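Take a look at the structure set out below.
The values are calculated or read from the model by the stated rules, or taken from the named source; none is laboratory data. These numbers were taken from a predicted model, which means no experiment stands behind them. Here the Cβ is made from the backbone with ideal geometry for all residues, glycine too, and neighbour counts use every protein chain on show. The accessibility values were calculated without ligands, DNA or RNA, using every heavy atom of the protein model including side chains. Shrake-Rupley method; radii C 1.70, N 1.55, O 1.52, S 1.80 Å.
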Amino acid sequence: MLNLVQILQTMDYKVSFWPDQLTYDPRYTKTLQDLGIEAYYGEVSFEDFIKAYGNEIDAVLMSRPVTAKKYLPLVKKYSKAKTIFDTVDLHYVREQRRLDLEVQRWKNLEFFLAEEADTTLVVSPYEKKMLADESFSDKVAVVSNIHSLEPCLKGFEERKGLMFIGSFAHPPNEEGIIWFIEYIFPLINRKIPDIHLTIVGSEPTERLLKMANPSITVTGYVEDVSEYFNDNKVFIAPLLHGAGVKGKIGQSFSYGLPVVTTSIGAEGMHLTDGLNILISDSETEFANSVVALYREKFLWQKLSTNCREIIREQFSTETTRAALERILEADAPKQVKRTVSTRPVIVHCHLFKNAGTTLDWSLERQFGSRFVNHRDDDNMRRGAAYLKPYLETHKHISALSSHQVRFPLPISDELQLLPLIALRHPIDRARSVYDFERRQDANTAGAVHAKELSFAEYVRWRMRPDVAPAIRNFHCSFCTGNFDSIIGEQAYLDSVAMLIRTPLLVIVERYDESMILLEHHLEKYFPGIDLSYIRRNETFGREVELVQRIEKVFEELGPELTREFREKNHWDMRLYENALAILGERLGALGNVDRLMGDIQSRCRLLSVANLSSNSLQVP
């Protein structure tokens, strides 16, 4: 550089030197000054300088890429001087050669270890395929990330904003999100002006922190991130490089939060663009994908449902366990394993007015004397302390039903308990409870009040905190065993978690589809199980559509009582929406739903015909 400057002086140019670091160095600064070169230092600003003297400058030579990137825009803006970029050396060539050496060192180490080890684990089939031609390829197995399904607490309309998560000690996270902020976020802002981006993750750099503004929040480390996954509408993963399966995408999937990412981000997860994720590599396409997902409810719901299925199929504990069993048991000495025979028992949690009588009818038809409709309510309320010895003693039982099942269910070496829970739309269920208790021949408080009061008066009585919560967040009360205090958010979250863990889940309004899923899950325990049915104990007027029945309920209650009634069933309504989503996910994973629906409905029709024929034969 010094020789270059001196040559310029011989060409009659007056040379000024602007160092990037404006410190006075007694050696270099003085050397330049002694040569007649004007050297700047101290509290001065290049922008102020170029504004003031830009028109007097003939040429500006900027040395090295980082320096040129910083000063070139200011020179072009405030001066007509000729701009010269001095590479010094081609940095990309130098960096490529350095990286090639580093890559080769890592490759040599990984290949050496893979040759020596009995098994090498990779996180995706994509990476296994990359090693297919290597000498150790037959020793490579896939064990991916593990994610559990988390509660998806809010629907499309209740959410807003974009989010990203990642540790910024990992360079690809910072590079990706800065690319998004600088080039993609402005395009989104043009179409959705009030959109907000939340960036969650430990060790944010100074560069990233400086990008925070009213539209961008940088949180730093957050211990519990579930609130962010449940409040935001779209997760972005704008990754430009990286390898393996991306944990941030799996985490978002586990909450049912749809994702827009790049091809690098989607790598190794067997994802399909438009089905369970949106994949875009250009700035414009990425922005358009985010906008579409943010605005289109159907697209959002489809991706939310399907991405959770990816977790269930590829990243669940069960999937990982199966992979580890294959690895650890391969070539192992054959041992005679001690097997413990566990007896499967369906435990029907017979919730009042949730199609329980119809379910019991099907179970009794299937199991005969091996089905027990348990009526000893006082003992059942004792929970596991009673139920475990009862079932261990009564070894013939394959299915049991009770109104008073209490969680947690007992753990036994002899039993595999299969809880069956049915949910119903909370508003519609309340009317059914009233109609049933009104005609019930009983002296319970509910039956007495139903006979004495109008529906509105009955609901007002049931809303009182000193009255049993039969139509007041009833499902959450049951799932948590909390019948004595007001249901809050934690009880609701615990209830969602329980439903996720319960394969035998029934939605009364989607009864046939529920039976398909029950038969599918129970087939391995009870081959050939048939849960076709004839409706039992059905309240008059159920043939009217659900929406019309709910509108009728609100009409009878009036605005004020309707508002109170909905408030006191808020958590049950949220739970019901989650239950519908869980059912939808399970049906999507099952496949052939139309064929299976036709099959069970055909069986039900045959039962009805047989029942009518039987009844006609009994007529004198």
> Of the numbered conditions (1) under 25 Å from VAL448 (Cα atoms); (2) in contact with a helix residue (DSSP H, G or I) (Cβ under 9 Å, 6 or more places away or on another chain); (3) of a type in the set (Val, Ile, Thr); (4) open to solvent by 10 Å² or more (accessible area, probe 1.4 Å), VAL433 satisfies every one except a single condition; which is it?
Replying inline: (4)
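Every residue, every condition in (1) under 20 Å from TRP179 (Cβ atoms); (2) in contact with a helix residue (DSSP H, G or I) (Cβ under 9 Å, 6 or more places away or on another chain); (3) in a loop (DSSP other than H, G, I, E, B); (4) among the polar types (S, T, N, Q), yes or no:
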position	(1), (2), (3), (4)
HIS241	yes, yes, yes, no
LYS248	yes, yes, no, no
GLY256	no, yes, yes, no
GLY268	no, yes, yes, no
LEU271	no, yes, yes, no
LEU275	no, yes, yes, no
PHE286	yes, yes, no, no
SER289	yes, no, no, yes
TYR294	yes, yes, no, no
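Please determine, by comparing only the residues of the stretch 154-181 that are assigned to a loop (DSSP other than H, G, I, E, B) and open to solvent by less than 20 Å² (accessible area, probe 1.4 Å), which one is farthest from GLU203 (Cα to Cα).
Filtering first and then ranking leaves ARG159.
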> helices (runs of 4 or more DSSP H) wholly in the stretch 478-585 with at least 2 residues that are of a type in the set (Val, Ile, Thr) - which ones?
Replying inline: 489-500, 546-567
>> Checking the condition open to solvent by 40 Å² or more (accessible area, probe 1.4 Å), acidic (Asp, Glu) and more than 28 Å from the chain's Cα centre (by Cα), which residue from GLU577, GLU545 passes?
In response: GLU545
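Just a yes or no: is a residue in the stretch 95-111 in contact with a helix residue (DSSP H, G or I) (Cβ under 9 Å, 6 or more places away or on another chain) and either in a helix (DSSP H, G or I) or of a type in the set (A, V, I, L, M) (or both)? Give the steps one after another, and end with the answer.
Step one: of the stretch 95-111, the residues in contact with a helix residue (DSSP H, G or I) (Cβ under 9 Å, 6 or more places away or on another chain) are none.
No, the conditions are met nowhere in the stretch 95-111.
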>> Condition first: surrounded by fewer than 18 Cβ atoms within 10 Å (Cβ to Cβ), basic (Lys, Arg) and assigned to a loop (DSSP other than H, G, I, E, B). Now tell me which residues in the stretch 338-363 satisfy that.
In response: ARG338
> What is the residue count in the stretch 86-119 for residues that are surrounded by fewer than 10 Cβ atoms within 10 Å (Cβ to Cβ) and touching a strand residue (DSSP E or B) at 6+ places or on another chain (Cβ under 6 Å)?
Replying inline: 0
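Does ILE471 count as β-branched (Val, Ile, Thr), open to solvent by 60 Å² or more (accessible area, probe 1.4 Å) and more than 30 Å from ARG595 (Cα to Cα)? Lay out the reasoning, then the answer.
Numbers: β-branched (Val, Ile, Thr): yes; open to solvent by 60 Å² or more (accessible area, probe 1.4 Å): no; more than 30 Å from ARG595 (Cα to Cα): yes.
Judged against the criteria, ILE471 is not a match.
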> Which one of these is among the polar types (S, T, N, Q), under 30 Å from ASP428 (Cα atoms), modelled with pLDDT under 90 and open to solvent by 20 Å² or more (accessible area, probe 1.4 Å): GLN335, GLN366, GLN314, GLN301?
Replying inline: GLN301
> Which residue pairs have Cβ atoms under 8 Å apart, sit 6 or more places apart or on different chains, and have a first residue in the stretch 34-58 that is within 14 Å of LEU72 (Cα to Cα) and a second that is assigned to a loop (DSSP other than H, G, I, E, B) and open to solvent by 100 Å² or more (accessible area, probe 1.4 Å)?
Replying inline: GLY54/LYS80
>> I'm checking my understanding of the structure. Among residues of the stretch 258-286 that are more than 18 Å from LEU162 (Cβ to Cβ) and either among the aliphatic types (A, V, I, L, M) or in contact with a Lys or Arg (Cβ under 7 Å, 6 or more places away or on another chain) (or both), which one is most open to solvent (accessible area, probe 1.4 Å)?
In response: LEU275
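Can you tell me which residue within the stretch 199-239, out of those that are of a type in the set (Val, Ile, Thr) and within 19 Å of the chain's Cα centre (by Cα), is farthest from GLU150 (Cα to Cα)? Spell out how you get there, then give the answer.
Residues of the stretch 199-239 that are of a type in the set (Val, Ile, Thr), as a first pass: 199-200, 205, 216-219, 222, 225, 234, 236.
Then drop every residue that is not within 19 Å of the chain's Cα centre (by Cα), which leaves 199-200, 222, 225, 234, 236.
Details: ILE199: 20, VAL200: 18, VAL222: 17, VAL225: 11, VAL234: 16, ILE236: 19 Å.
Residue satisfying both the conditions and the ranking: ILE199.
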> Can you tell me which residues in the stretch 59-85 are closer than 15 Å to ASP20 by Cα, open to solvent by less than 60 Å² (accessible area, probe 1.4 Å) and in a strand (DSSP E or B)?
Replying inline: VAL60, MET62, SER63
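So if I check each of PRO408, PRO389, which one is closer than 28 Å to ASP494 by Cβ, without any contact (Cβ under 8 Å) to a residue 24 or more places away in the chain and not hydroxyl-bearing (Ser, Thr, Tyr)?
PRO389
Give the residues of the stretch 382-413 that are among the hydrophobic types (A, V, I, L, M, F, W, C) and in contact with a Phe, Trp or Tyr (Cβ under 6 Å, 6 or more places away or on another chain), sorted by residue number.
Of the residues in the stretch 382-413, the ones among the hydrophobic types (A, V, I, L, M, F, W, C) are 384-385, 387, 391, 397, 399-400, 405, 407, 409, 411.
Correct list: ALA399 only.
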> Right, TYR28: of a type in the set (Phe, Trp, Tyr), surrounded by 10 or more Cβ atoms within 10 Å (Cβ to Cβ) and touching a residue at least 12 places away in the same chain (Cβ under 8 Å) or not?
Replying inline: no
> Would you call TYR41 in a loop (DSSP other than H, G, I, E, B) and surrounded by 14 or more Cβ atoms within 10 Å (Cβ to Cβ)?
Replying inline: yes
> Within the stretch 234-244, can you find the residues that are open to solvent by 20 Å² or more (accessible area, probe 1.4 Å) and in contact with a Gly (Cβ under 7 Å, 6 or more places away or on another chain)?
Replying inline: LEU240
>> Taking the conditions exactly as written (open to solvent by 10 Å² or more (accessible area, probe 1.4 Å) and on the phi > 0 side of the Ramachandran plot), does ALA385 satisfy them or not?
In response: no
>> Looking only at the stretch 266-287, how many residues end up being within 25 Å of HIS196 (Cβ to Cβ) and in contact (Cβ under 8 Å) with a residue 60 or more places away in the chain?
In response: 4
> Before we move on, is GLY247 under 30 Å from ARG574 (Cα atoms), in contact (Cβ under 8 Å) with a residue 12 or more places away in the chain, of a type outside the set (S, T, N, Q) and open to solvent by 30 Å² or more (accessible area, probe 1.4 Å)?
Replying inline: yes
> What is the one condition in (1) open to solvent by less than 90 Å² (accessible area, probe 1.4 Å); (2) in contact with an Asp or Glu (Cβ under 8 Å, 6 or more places away or on another chain) that ILE188 does not satisfy?
Replying inline: (2)
> If only one of LEU596, LEU606, LEU531, LEU612 is over 21 Å from PHE474 (Cβ atoms), among the hydrophobic types (A, V, I, L, M, F, W, C), modelled with pLDDT of 85 or more and open to solvent by 60 Å² or more (accessible area, probe 1.4 Å), which one is it?
Replying inline: LEU606
> Taking the stretch 580-593 as the search range and keeping residues that are closer than 19 Å to HIS425 by Cα and of a type in the set (Gly, Ala, Ser), which one is least open to solvent (accessible area, probe 1.4 Å)?
Replying inline: GLY584
>> Anything in the stretch 142-153 that is over 16 Å from GLU318 (Cβ atoms) and either open to solvent by less than 40 Å² (accessible area, probe 1.4 Å) or of a type in the set (Lys, Arg) (or both)? List them, or say none.
In response: PRO151, CYS152, LEU153
> Regarding ILE195, is this residue surrounded by 21 or more Cβ atoms within 10 Å (Cβ to Cβ), farther than 26 Å from VAL142 by Cβ and not polar (S, T, N, Q)?
Replying inline: no
